1. Only one of A:Gly50, A:Gly97 is in contact (Cβ under 8 Å) with a residue 60 or more places away in the chain, more than 11 Å from chain B (Cβ to nearest Cβ) and not aromatic (Phe, Trp, Tyr). Can you tell me which?
2. Just to be sure, is B:Phe408 under 24 Å from B:Ala258 (Cβ atoms), under 27 Å from the mean Cα position of the chain (by Cα) and buried (at least 16 other Cβ atoms within 10 Å of the Cβ)?
3. Have a look at B:Glu361, B:Glu391, B:Glu380 and point out the one that is touching a helix residue (DSSP H, G or I) at 6+ places or on another chain (Cβ under 6 Å) and charged (D, E, K, R).
4. Taking segment B:91-117 as the search range and keeping residues that are among the acidic types (Asp, Glu) and more than 16 Å from B:Gly58 (Cβ to Cβ), which one is farthest from the chain's Cα centre (by Cα)?
5. Have a look at B:Glu34, B:Glu46 and point out the one that is crowded, with 17+ Cβ neighbours inside 10 Å, within 12 Å of chain A (Cβ to nearest Cβ), touching a Pro at 6+ places or on another chain (Cβ under 6 Å) and in a helix (DSSP H, G or I).
6. Filter segment A:1-57 down to the residues that are in a loop (DSSP other than H, G, I, E, B) and touching a Phe, Trp or Tyr at 6+ places or on another chain (Cβ under 8 Å) and list them by number.
7. Does any residue of segment B:373-380 turn out to be surrounded by fewer than 16 Cβ atoms within 10 Å (Cβ to Cβ) and under 21 Å from B:Leu327 (Cβ atoms)?
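Derivation of every value follows stated rules applied to the coordinates shown; laboratory data play no part. A quick note: this is a predicted structure, and the numbers were derived from the prediction, not measured. Neighbour counts are summed over all protein chains in view; Cβ atoms, including those assigned to glycine, are modelled from backbone coordinates with ideal geometry.
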Amino acid sequence: MSEFLYVFRGGIEGGTPEQMQQQMQKWVSWMKQLGDTGNLKGGQPLEKTGRVVSQKNVTDGPYAEAKDVIGGYLLVEAKDEPHAVELSRGCPVLAVGGTVEVRPIAKM
Amino acid sequence: MTTTIDEHLFRREAGRLVAALTRIFGTHNLALAEDVVQDALCRALEVWSFHGVPENPGGWLMTTAKNRALDVLRRERTARDFAPELGRLLETEWTMSPTVEGLFAQHEIEDDVLRMMFTCVSPRIAEDAQVALVLNVVSGFGASEIAHAFLSSEAAIEKRLSRAKATLAESKSLFEVAGSERIASRLDAVQRALYVLFSEGYHGAHPESAVRSDLCDEAMRLVELLARHATTATPKTHALAALMALHAARLPARLDAAGDLSPLLEQDRSRWNRELIATGVRYLEASATGDSISVYHVEAAIAAEHTTAARSEDTQWVRIVQHYDRLFEMQPTPVVALNRAIAIAQRDGPSAGLDAIDAIEGKSRLESYPFYFAAKAELERRRGNVAIARENFERALEHARNPEERRFFQSRIE
């Protein structure tokens, strides 16, 4: 088993209350499924705001375009990379135009 | 932490919260109230998606919206006017928090939803826009969903809504229901809007039955709100609630096991909703307290005759014809006359029914209505005129508005 980081970007914001509720419920059941199979190790949604720190200064941001904003991350355990990709396919962000970046966690 | 929630929670809470926030911000700031609610729902989407639905989802949304509202009030109280009747209460931190807190109490929110309904039916707003506005603001449907339900375009509904909202923004406060002298005419308008909403769901042309039952459910939820409040629980409100419950009780049997339309007299009555029938009858009794009779009373009485007959052959057609006579006096339209003629046919036979149809004034207006031809066809068939019956079923088929109607008329031709 290896660990992977899922990074979620983009996806339509808003919509009608009915659409938002449906989207939320898809996420809840997708996460539950990952939890039930023991693949989900953790994760959090992220605020849209924050700071970008460099050697010289600290700025507000990141002000990326909506499609590039990271909405959250998950830590997932999978057999290998193809399996991790397979597990990410059910993510509801895909259906609304967003992406999941699947990154293996580097091992010691 | 996965709580199962009402499948329309977001939509319904949106309506309640927009009403509560508009009370605080003022009607001219409706758009601001809608933004705050949209923010709260977005927040729920982000957080619940990862952490699951909280124990008290409605309370979570309310707290989120309330905190956001307090932020807005603090930030903008020098730049914006809010609800005039709250005036100074929002000016200092000492009075603002308790005021807002108090306005988010459950019974206050319910009153605000009522005020919002009355506000949406302003006489300065066209009737069709009133219905769209109630659906949007009070029931939380988006323009796309309203357009879908009314078989209209999203752009047309958007336009209708934004024009209506601009009109609302001309006044600063929600319509005050308690103690208003204008209550009677506004209540008429609210009842009419809910009646249209229900009818659209019940008889509407929309092919998808899910859409229809959503509209019926909303109309029934809102009429119950009227019936719960002393000022708005008039005999006419009760009659309207009765008519909705008695019609809705038959919804489960309108499509048979194969998904085909089933006419009233052929419906499997065991599939009618007993609980709704009992509710309807209770409302009908409550409606009999006044000294005037409305169209809703008569329509509810007709529906009650049907739903309380154990078998279709037990239907009291003599009484139903009397109700239709009365309804026609109040509302002399070709559709009422057609239904009256159908009842006469049940009482006196198909020839009498066809004579009554022939006698309908302005019956040319019925010629785009599929059930006009279907009624004639059915009565001709009973009289043994198979060829004429067939011809009329074919004309009904031409005017069918959705696949269910088409299948139904097709089956009658065969």
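1. Among A:Gly50, A:Gly97, only A:Gly97 is in contact (Cβ under 8 Å) with a residue 60 or more places away in the chain, more than 11 Å from chain B (Cβ to nearest Cβ) and not aromatic (Phe, Trp, Tyr).
2. yes
3. Result: B:Glu380 is the single residue among B:Glu361, B:Glu391, B:Glu380 that is touching a helix residue (DSSP H, G or I) at 6+ places or on another chain (Cβ under 6 Å) and charged (D, E, K, R).
4. Ranking the candidates gives B:Glu93 first.
5. B:Glu46
6. A:Thr16, A:Leu46
7. no
Conditions tested, residue by residue: (1) over 14 Å from the mean Cα position of the chain (by Cα); (2) more than 8 Å from chain B (Cβ to nearest Cβ); (3) under 30 Å from B:Glu154 (Cα atoms).
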site	(1), (2), (3)
A:Phe4	no, yes, no
A:Gly11	no, yes, yes
A:Gly14	yes, no, yes
A:Gln19	yes, no, yes
A:Val28	no, no, yes
A:Met31	no, no, no
A:Asp36	yes, yes, no
A:Leu40	no, yes, no
A:Gln44	no, no, no
